[in-house]
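Novice: Before anything else, here's the structure in question.
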Amino acid sequence: MFAISAELGWVRPVLDFAHLHAVTDGGFTGVEAFASVLEVADEVLEDGAPFHVHFSDIAFANRNETKHLPYGEGTLRAEPLAEALARFERPATVITESPDEESHQAIRAALVARVA
């Protein structure tokens, strides 16, 4: 994904942290995991372009997403993402893929609380 974005300036990466959490067997629990991916994306994005992030809590097995969960039922949390995003001088668009409005609001609240 990053190689294509680096080669073709009109292609921007979409950072799907639920998918990354699944393929790493739950590896996205700390700030550094999120920051390392954001750092690579930051290098290929043009100035001013936002990070485009997809985020939701998920169930996973065999390094694959099995389903999106209501926020708090799995192991992926928004607070480390918020802390990692705060390290960059780049806006971010975060799209929740959660199955319900309560989860969307909980993720939003976690992201906003860390930025404030």
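Bear in mind these aren't lab numbers, they're just calculated from the coordinates by the rules spelled out. Keep in mind it's a predicted model, so treat the numbers as computed, not measured. Positions of Cβ are generated from backbone atoms using ideal geometry, with glycine treated the same way; all protein chains shown enter the neighbour counts.
Novice: Roughly what % of DSSP beta bridges within segment 26-115 run antiparallel, to the nearest 5?
Specialist: On the way: 5 of 10 bridges.
Beta bridges within segment 26-115, antiparallel portion: roughly 50 percent.
Novice: Given the options Ala92, Ala82, Ala22, state which has the largest fluctuation in a GNM of the chain using a 10 Å cut-off (strictly under) for Cα springs.
Specialist: Of Ala92, Ala82, Ala22, the Gaussian network model singles out Ala92 as fluctuating most.
Novice: Just to be sure I understand: with springs between alpha-carbon atoms less than 10 Å apart, which residue in Gly26, Gly48, Gly72 has the highest mean-square fluctuation in the Gaussian network model of the chain?
Specialist: Largest GNM mean-square fluctuation: Gly48.
Novice: Further, regarding this structure: Of Phe51, Phe2, how do they rank once you tally other Cβ atoms within 10 Å and put the fewest first? All intermediate terms of the calculation are to be shown ahead of the outcome.
Specialist: Values: Phe51 21, Phe2 14.
The most exposed by this proxy come first: Phe2, Phe51.
Novice: Follow-up. Could you tell me, in Å, what Rg and Dmax come out for the Cα atoms of segment 26-115?
Specialist: So, for segment 26-115, Rg and Dmax equal 13.1, 37 Å respectively.
Novice: Moving on. Segment 16-79: which trypsin sites (Lys or Arg not before Pro) are DSSP loop and have at most 11 other beta-carbon atoms within 10 angstrom?
Specialist: Arg63
Novice: Right, next: Summing -39500 (n - 2.57) over the DSSP H runs of n ≥ 4 in the chain and dividing by its residue number, what mean residue ellipticity at 222 nm do you reach, to the nearest 500 deg cm²/dmol?
Specialist: Counting only the DSSP helices, I get -12500 deg cm²/dmol.
Novice: Follow-up question, since we're still on this one. Going by how many other Cβ atoms sit within 10 Å of their own, how do Leu8, Leu20, Leu81, Leu111 line up, fewest first?
Specialist: Going from sparsest to densest Cβ surroundings: Leu8, Leu20, Leu111, Leu81.
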